[in-house]
1. Taking just the C-alpha trace of region 67-148, give me its Rg and Dmax in Å.
2. Can you give the convex hull volume of the alpha carbon atoms of the chain per residue, in Å³?
3. Can you give me the C-alpha center-to-center distance between region 1-74 and region 92-155, rounded to a whole angstrom?
4. Which value, in debye to the nearest 20, describes the size of the charge dipole of region 65-136 about its Cα centre when Lys and Arg Cβ atoms bear +1, Asp and Glu Cβ atoms bear -1, and nothing else is charged?
5. For the chain, what does the helix formula give at 222 nm: sum of -39500 (n - 2.57) over DSSP H segments with n ≥ 4, over the residue count, nearest 500 deg cm²/dmol?
6. How do the peptides 70-81, 98-109 rank, highest first, by the average count of neighbouring beta carbon atoms within 10 Å per residue?
7. Can you work out D for region 105-155 in µm² s⁻¹ from Stokes-Einstein, where Rh is the Kirkwood radius over C-alpha pairs, the temperature is 20 °C and the viscosity is 1.002 mPa s?
8. Considering the chain as a Gaussian network with a 10 Å cut-off on Cα pairs, which listed residue, Met133, Met15, Met53, attains the greatest mean-square fluctuation?
Amino acid sequence: MSAVLKQPALQFRPMLESDIKAVHAVETAAYDFPWSRVIFQDCLRVGYCCWVMERDRAVAGYGIMAVAVGESHILNLCVHPTAQNNGLGRSLLDYLLDVSRRHKADCAYLEVRPSNAPARRLYARAGFEEVGMRRNYYPARLGREDAIIMAKSLD
Ligand SMILES: CC(C)(COP(=O)(O)OP(=O)(O)OC[C@H]1O[C@@H](n2cnc3c(N)ncnc32)[C@H](O)[C@@H]1OP(=O)(O)O)[C@@H](O)C(=O)NCCC(=O)NCCS
């Protein structure tokens, strides 16, 4: 009898205040300029769509979106560095887009650094298109970095 190797199942659930410590640990591992814990607390407090992606009951990633008047704005999408490049980012993005549709959004927007090749590839593969640029939007090691604005129709 041969062994059957199964990928651990992913679970998506709303983020809780009690998740913030684990979420912030992923955030600091994944980003050069991470959000503070307070920003995550504020996102929960103001009622943004905050979702945790679990694998083996551990936080493997998370996504945060503001959804209003038919538009969803993806504010943060992150996969733990040790779990990246395995399709989890695409699963998380697809889940957030499904949530957006359930909230009756017909368009999704996000910003991404020009230097963030993995994220740009993920978004392009998911059907996002570049629709604009915000100058000097992000902090960077040497000054500031622009943001590319991307959009996808959810029809
Ligand atoms: C961006 C991010 C969410 C992608 O998650 P992921 O789980 O690695 O993505 P996936 O495995 O689903 O891959 C999605 C696509 O990106 C590509 N990709 C992933 N990692 C890559 C890398 N290091 N270099 C180049 N392409 C990469 C994959 O090849 C795949 O493209 P394909 O379908 O053409 O093969 C993840 O890299 C991350 O959390 N980065 C830090 C936080 C961040 O930058 N978030 C985005 C802010 S805008």
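1. Every Cα atom of region 67-148 included, Rg and Dmax give 13.5, 40 Å.
2. Values: hull volume 21.1 nm³, N = 155.
Looking at the chain, the number lands at 136 Å³ per residue.
3. After rounding, the separation between the Cα centres reads 17 Å.
4. Details: 10 positive and 7 negative charges, 34 e Å.
The calculation lands at about 160 debye.
5. Numbers: 4 runs with 44 residues, N = 155.
Dividing the helical sum by the residues of the chain leaves -8500 deg cm²/dmol.
6. Top of the packing list down: 70-81, 98-109.
7. Values: Rh = 11.4 Å.
Stokes-Einstein gives a translational diffusion coefficient of 188 µm²/s.
8. Comparing Met133, Met15, Met53 in a Gaussian network model of the chain, the most mobile one is Met133.
Read-outs: derived from the displayed coordinates by stated rules, not from any lab. Remember, predicted model here, so these are calculated numbers, not experimental data. Here Cβ is always computed from backbone atoms with ideal geometry, including for glycine, and neighbour counts include all displayed protein chains.
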